[in-house]
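Following: one structure in structure tokens, then a few remarks.
The values are calculated or read from the model by the stated rules, or taken from the named source; none is laboratory data. In this text, all values refer to a predicted model and were calculated from it rather than measured experimentally. FYI the Cβ positions are ideal-geometry reconstructions off the backbone, even for glycines, and counts take in every protein chain you see.
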Amino acid sequence: MSNLSPKMTGLSFVVWISPRGNAKHDVRVKVSRGPKTKPDEWVTVGIRPDVQVLYGTLPAEDLRTLRLWVAINRAVLVRFWDGDIEYTEDVLRLLRPLEE
């Protein structure tokens with residue numbers, strides 16, 4: 001998993017992204033308060049067809065801003081998940097921050 005800083009995303013929390021690997025589920029991201037976190041502290045969020053919290057809890061305002069960020073970056077996140085974008089450095093170059 002790659003962690004995306006608030007500076008990179010424009011969000012007030014860290015977003016974790018990854019390629020599908022051997023996962024059986026659809027595209028997901030994880031969210032945490034900071035970069036040093038334990039897996040049981042992550043909030044798991046599905047991004048299609050709609051952004052929705054699958055595990056954990058996320059304040060309404062954080063979910064609102066995450067939805068906006070995903071809307072801007074959904075195609076890139078899906079391409080990374082599907083393996084069409086192979087390297088983290090390439091996905092980082094394509095992701096756009098939320099600008100409110």
So Leu58, is it in contact with a Phe, Trp or Tyr (Cβ under 8 Å, 6 or more places away or on another chain), surrounded by 15 or more Cβ atoms within 10 Å (Cβ to Cβ) and part of a loop (DSSP other than H, G, I, E, B): no
Within the range 6-35, residues outside any helix (DSSP H, G or I), touching a residue at least 40 places away in the same chain (Cβ under 8 Å) and aliphatic (A, V, I, L, M) come out as Leu11, Val15, Ile17, Val27, Val29
List pairs: first in the range 87-100 and under 14 Å from Asn3 (Cβ atoms), second of a type in the set (A, V, I, L, M, F, W, C) and surrounded by 13 or more Cβ atoms within 10 Å (Cβ to Cβ), Cβ under 6 Å, 6+ apart or cross-chain? Val91/Phe80; Val91/Ile85; Leu95/Val76
Of everything in the range 36-48 that's touching a Ser or Thr at 6+ places or on another chain (Cβ under 7 Å) and either in contact (Cβ under 8 Å) with a residue 24 or more places away in the chain or not in a strand (DSSP E or B) (or both), which residue is surrounded by the most Cβ atoms within 10 Å (Cβ to Cβ)? Trp42
Those residues that are over 18 Å from Glu89 (Cβ atoms) and surrounded by 12 or more Cβ atoms within 10 Å (Cβ to Cβ), I need them from the range 13-35; list them, please. Phe13, Val14, Arg20, Asp26, Val27, Arg28, Val29, Lys30, Val31, Ser32, Arg33
So Glu99 ticks every box in (1) among the acidic types (Asp, Glu); (2) at pLDDT 95 or above; (3) not in a helix (DSSP H, G or I) but one. Which box is left unticked? (2)
Which one of these is out of contact with any Gly (no Cβ under 6 Å at 6 or more places or on another chain) and modelled with pLDDT under 95: Pro59, Pro6, Pro39? Pro39
Which of the residues that make up the range 49-76 are touching a helix residue (DSSP H, G or I) at 6+ places or on another chain (Cβ under 7 Å) and over 15 Å from Ser12 (Cα atoms)? Val51, Val53, Val76
